[in-house]
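The values are calculated or read from the model by the stated rules, or taken from the named source; none is laboratory data. Values in this document were obtained by computation on a predicted structure and should not be read as measured data. So basically every Cβ, Gly included, is an ideal-geometry build from the backbone, and we count neighbours across all protein chains shown.
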Amino acid sequence: MAVLPFDNLSGDPSQDYIGDGLTETIIVELAKFPDLSIIACNSTFTFKNKAVLVQEVAEKLGARYVLEGGIQIAGDRLRITAQLIDAGDGRHIWAERYDRNLDNLFRLQDDISRHILEEIQAELTLGSQAKTWRAKAGDAELFRLYVAGRRHFVVSTPEGHAESEGLFTQAYERAPDNVLSNFNMAWIYFQKVLMVLGGGFEANSAKAREFADRSIAMEDNADAHAVLGWLELLTGNYPRAIDHADRIMELEPNSGMVVSNAGTLKQASGQVEEGLALILRSMRLEPYYPDWVANVLSFCHLKLGQHNQAKAIFTTHAIAQTDNPYTRIAALAGLAFVAMTQGETLEAESCIRKILAQEPGLDANYILARLAWESDKAFVSHYIDTIRKAGLPG
């Protein structure tokens, strides 16, 4: 993202410092977040007082998004306008106008930059959850730790887990009585369970439940219910998992992150069509969703016999650039299943060879472990048997 110097629309060059200061403050705040790559101000300030097209700026700086705006001063009143533009197609993603008193310029700059940061996080990364997290965080550093931790968490690799655990632990130590600190720690221990990391199933499950319950005791929240729903899913208590999914939708029906979990709980517990609808809803709410969300969607399609829809997702993921190797493994296994189902044995065998070239020694038990929580054991058995016939060992 490039943040252009805010234009001084007042006609008085002596007031340039207000727009310049606001621009620099926004750049500094945005640069704290690892999921946003921000062009340095010494590059963007070369465009100050120049009439240029957003697409030209983006091309010269290598930016996908451009934030631009202007300031006007009348007496003791300041008006600031800001707009976020997708330079790829010129689309205005977001725009806002702020009218404020000029009684404390530094506080004003911090206030506006914080609001713009929340809006950008909402539009480009966290979705609507960004504003909720910022409000509940209470301070900018906690918010940064939460957002940075989530970025590493959703990668779903041991390395990503280690990074997110460090960041979420910092946040918890900084604010142990914060509802977000506690449900993020619940997610950390749940991920240890899911990825079979240190501590063991029982101990990590107990810690995940402890933090989730503690979080709910502070404030009933969808994230904690998502963790608890997953824990019920892993132990085969499907009715309770569905109860937690329903509570998620009562609490936060417009948050992509938790709606995707509700959809997963539903489909894995046997309510496949309802789960599919929730997954699609979550993808609309949070367009920059993690890979696993599309994996769940593709599996819903398979369960419903919608093989071509699943194949389209698998085809994209099979060639995706991703930090998580399971994304490609699951995609290639899915393509092998569809090919075998459609009588294309040679294509299925080719997909399995690609899996084994990527991960020598991998067998069907690896994929089976990733489906252990599914209630439809007959479908899972059919799925595993089919990809074994395509050549996957185990």
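Selection within segment 181-217: residues that are out of contact with any helix residue (DSSP H, G or I) (no Cβ under 7 Å at 6 or more places or on another chain) and of a type in the set (A, V, I, L, M). The member of this set that is surrounded by the most Cβ atoms within 10 Å (Cβ to Cβ) is LEU194. The set of residues in segment 356-370 being in contact with a Pro (Cβ under 8 Å, 6 or more places away or on another chain), exposed (fewer than 15 other Cβ atoms within 10 Å of the Cβ) and either part of a helix (DSSP H, G or I) or not assigned by TED's automatic domain parsing to the domain that holds ILE319 (or both) consists of GLN358 alone. Taking helices (runs of 4 or more DSSP H) as the structural unit, those lying wholly within segment 251-355 and holding at least 3 residues that are crowded, with 19+ Cβ neighbours inside 10 Å and of a type in the set (Gly, Ala, Ser) correspond to 256-268, 325-341.
Going through segment 53-89 one residue at a time, which ones are part of a loop (DSSP other than H, G, I, E, B), surrounded by 12 or more Cβ atoms within 10 Å (Cβ to Cβ) and free of Cβ contacts under 8 Å to residues at least 60 places away in the same chain? Please lay out each step first, then the result.
Restricting attention to segment 53-89, the residues satisfying the condition of being part of a loop (DSSP other than H, G, I, E, B) are 53, 62-64, 75-76, 87-89.
Now restrict to residues that are surrounded by 12 or more Cβ atoms within 10 Å (Cβ to Cβ): 63-64, 87.
ALA87 - this is the single residue of segment 53-89 that is part of a loop (DSSP other than H, G, I, E, B), surrounded by 12 or more Cβ atoms within 10 Å (Cβ to Cβ) and free of Cβ contacts under 8 Å to residues at least 60 places away in the same chain.
Taken over segment 371-394, the residue count meeting the criterion of being at pLDDT below 95 and either surrounded by 17 or more Cβ atoms within 10 Å (Cβ to Cβ) or out of contact with any helix residue (DSSP H, G or I) (no Cβ under 9 Å at 6 or more places or on another chain) (or both) is 2.
Scanning segment 186-216 for residues that are aliphatic (A, V, I, L, M) and more than 24 Å from PRO325 (Cα to Cα), which turns out nearest to the chain's Cα centre (by Cα)? Steps first, answer last, please.
Pass one, segment 186-216, residues aliphatic (A, V, I, L, M): 186, 188, 193-197, 203, 206, 208, 212, 216.
Next, from what is left, pick out any that are more than 24 Å from PRO325 (Cα to Cα): 186, 203, 206, 208, 212, 216.
Working: ALA186: 17, ALA203: 27, ALA206: 26, ALA208: 20, ALA212: 20, ILE216: 22 Å.
Among them, the one singled out is ALA186.
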